[in-house]
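In what follows, a single structure is set out as structure tokens and then discussed.
Please treat every number below as a calculation from the coordinates, not as lab data. All values derive from a computational prediction rather than experimental measurement. All Cβ positions, glycine included, derive from the backbone under ideal geometry; neighbour counts span all protein chains shown.
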Amino acid sequence: MSWIHSDKDFVLDSHCDTPGMLLEGIDLGKRQKRGHVDFVRAREGGVDGMFFAIYSPPELTEEEAVAHAVRLISKCYDAVDGNSDVAAFAFSPEQAFENKRKGLISVFLGMENGTPIQNDMAYLHMYHRFGIRYLTLCHNRHNQICDSCMPMEPEWGGLSPFGKEVVAECNRLGIMLDCSHASDETFYDLLKYSSTPVIASHSSCRALCSHPRNMSDIMLRDLASAGGVVQINFYPKFIDSDFADEKFLRLSEEGEKWQELYRSDLYNEVYRDNYFRIMDELAVYPAPSVKRVADHIDHAVEKAGAEHVGLGSDFDGIEIAPEGLRDISMYGNIAVELRERGYREQDIRGIMGGNLLRVIHEALRKAQTSAD
């Protein structure tokens, strides 16, 4: 792609929910008609790597969450091993650049929702050995680690006592800590207790879209002051307060129902046909454009600085993506838009992936230093 300048550049998306699509039996080595991500379209978009999110729904029990997480991790290994000619795992920036030199797309692993850790660090160690390199502490409910941003009433007032232990152990292991989905109090506890920079793997700006999932201007500045990065989310609902009309909400709720049923029984034609029908409708549903994503990048850059901003699409975890960013093949449109807005080339390279790689390197460096 013309907007990639050299082998030193690396385009990295910090949050793709593609493991969930693997539950539907898709082959990432082939162009898919459904979803947002496969290796064919990633290469077309000039994307060098992405974090696959090992997401556990918050309604699962701790035991169910462990089984679910292990199943998703296994699916990711099957997908990468089955496409070893085009993709490989990366557990460090050095491995990612080595993969790029070999012409391979890098797959990183992150865990979304810490429920599968239960209350036992042995599980965290296991996930680290599997390749988990960031931990999104919670999802849309409080858990044993911290408070989420979604419930009205807090449970812990930020991190739980066990959550503080998890933060320390993640620091020791080199697992980045992710504040997306966490409450504001949890965010500030993370800044207080983490010895390495914190990330927001898929969050946007609250000033432009008032949603608790997004970050306030003060949070953006404080995250940057601590060396972290905010990775802008593409979900129209998180970038435009006026987006979610009644028709969309109805389709979204119906699609989620049929998706769950289809993933429970891939051979049921009724489940499949209804799920595919809604996915097809949402794939072309009117949405804000890539320009709105760039507006959030602009705002985050203004408050945090260009070196503290990146991209976390939430692809395959969102029902609908922006115009001009309908799937990962269109990733280059972001760089084109930023260039048209007058961004410096070095800032574009950082936003497209370099800034997140810097934080990954810092987390791993500090973990190695503490081990020595």
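Give me Thr186, Thr61 ranked fewest to most by other Cβ atoms within 10 Å of their Cβ, as a rough exposure proxy.
Working: Thr186 26, Thr61 10.
Lowest count first: Thr61, Thr186.
Using only Cα atoms, figure out Rg for region 244-286 and give it as a multiple of 2.2 N^0.38 Å. Spell out each step's value before the answer.
Values: Rg = 10.6 Å, N = 43, 2.2 N^0.38 = 9.2 Å.
Output field value: 1.15.
Could you give me the ³J(HN,Hα) list for region 244-258, computed from phi with Karplus coefficients 6.51, -1.76, 1.60 and θ = phi - 60°, whole Hz, x at Gly and Pro?
Using θ = phi - 60°, the values come out as 6, 7, 4, 5, 4, 4, 5, 4, 4, 5, 5, x, 5, 5, 5 Hz.
By average Cβ neighbour count within 10 Å, what is the ranking of 77-85, 171-179 from highest down? List each step's numbers first, then the result.
Working: 77-85: 14.8, 171-179: 23.8.
Final packing ranking: 171-179, 77-85.
Whole Å is fine, so just give me how far the alpha carbon centre of region 167-207 lies from that of region 250-320.
24
Would you grab the residues whose amide H sits under 5 Å from the one on Leu325? Only those 5+ places off in sequence or on another chain, please, with H modelled 1.01 Å from N.
Those lying under 5 Å, H to H, from Leu325 are Val290.
For region 87-128, which chymotrypsin sites (Phe, Trp or Tyr not before Pro) are in a loop by DSSP, counting at most 11 other Cβ atoms within 10 Å?
Numbers: sites: Phe89, Phe91, Phe97, Phe108, Tyr123, Tyr127; in loops: Phe91.
When the chymotrypsin sites (Phe, Trp or Tyr not before Pro) of region 87-128 are filtered for loop state and at most 11 Cβ neighbours within 10 Å, nothing remains.
Contour minus end-to-end for Glu98 and Ser74, with contour as 0.36 nm per residue of separation and end-to-end as the Cα-Cα distance?
Using 0.36 nm per residue and subtracting the Cα-Cα distance, I get 6.3 nm.
Of Leu124, Leu135, how do they rank once you tally other Cβ atoms within 10 Å and put the fewest first?
Working: Leu124 22, Leu135 27.
In order of increasing Cβ crowding within 10 Å: Leu124, Leu135.
What does the convex hull of the alpha-carbon atoms of region 182-239 project to on average, in nm²? If you can, show how the numbers build up before the last one.
Details: hull surface 14.0 nm².
If I average the Cα hull's projected area over directions, I get 3.5 nm².
Where the Cα atoms of region 137-279 are projected onto their three principal axes, how long is each span, largest first, in whole Å?
Result for region 137-279: principal-axis Cα extents of 51, 33, 28 Å.
In nm, give the distance between the simple-model label positions of Asp372 and Lys33, each being 7 Å from the Cα along the Cα-to-Cβ direction.
5.5
How large are Rg and Dmax for region 1-63 when only the alpha carbon atoms are used, in Å?
Considering region 1-63 through its Cα atoms, Rg and Dmax are 14.5, 48 Å.
What translational diffusion coefficient, in µm²/s and rounded to a whole number, does the Stokes-Einstein relation yield for the chain at 20 °C and a viscosity of 1.002 mPa s, taking the hydrodynamic radius as the Kirkwood radius over Cα pairs? Don't jump to the answer; show the numbers that get you there.
Values: Rh = 20.4 Å.
Estimated diffusion coefficient is 105 µm²/s.
Report the residue, chosen from Asn113, Asn143, Asn274, that carries the largest GNM mean-square fluctuation when the chain is represented by alpha-carbon nodes joined by springs under 10 Å.
In this elastic network of the chain, the residue with the biggest mean-square fluctuation among Asn113, Asn143, Asn274 is Asn274.
Testing the spin-label approximation: label points 7 Å from Cα along Cα→Cβ at Ser264 and Val86. State their distance in nm.
3.3
Along the Cα-to-Cβ line of Glu63, 7 Å from the Cα, sits a label point; which residues in region 251-272 have backbone N less than 15 Å from it?
none
Distance check, please: which entries in Lys291/Lys366; Lys30/Lys366; Lys33/Lys75; Lys247/Lys291; Lys237/Lys303; Lys100/Lys366 exceed 28 angstrom between their Cα atoms?
Numbers: Lys291/Lys366 37 Å; Lys30/Lys366 39 Å; Lys33/Lys75 20 Å; Lys247/Lys291 23 Å; Lys237/Lys303 22 Å; Lys100/Lys366 25 Å.
From Lys291/Lys366; Lys30/Lys366; Lys33/Lys75; Lys247/Lys291; Lys237/Lys303; Lys100/Lys366, over 28 Å: Lys291/Lys366; Lys30/Lys366.
Using θ = phi - 60° and the Karplus relation 6.51 cos²θ - 1.76 cosθ + 1.60, list the HN-Hα couplings for region 281-290 in order, rounded to whole Hz, with x at every Gly or Pro.
With the stated coefficients, region 281-290 comes to 5, 6, 4, 10, 5, x, 8, x, 9, 4 Hz.
Each residue of region 51-68 in turn: what ³J(HN,Hα) in whole Hz from Karplus with 6.51, -1.76, 1.60 and θ = phi - 60°, glycine and Pro shown as x?
Values, residue by residue: 8, 8, 8, 8, 9, 10, x, x, 7, 6, 6, 4, 5, 5, 5, 4, 4, 5 Hz.
Report the full-extension gain for the segment Ile218 to Ser289: residue separation times 0.36 nm, less the Cα-Cα distance, to one decimal in nm.
On the way: separation 71, 0.36 × 71 = 25.56 nm, distance 2.63 nm.
Net length gain for the segment: 22.9 nm.
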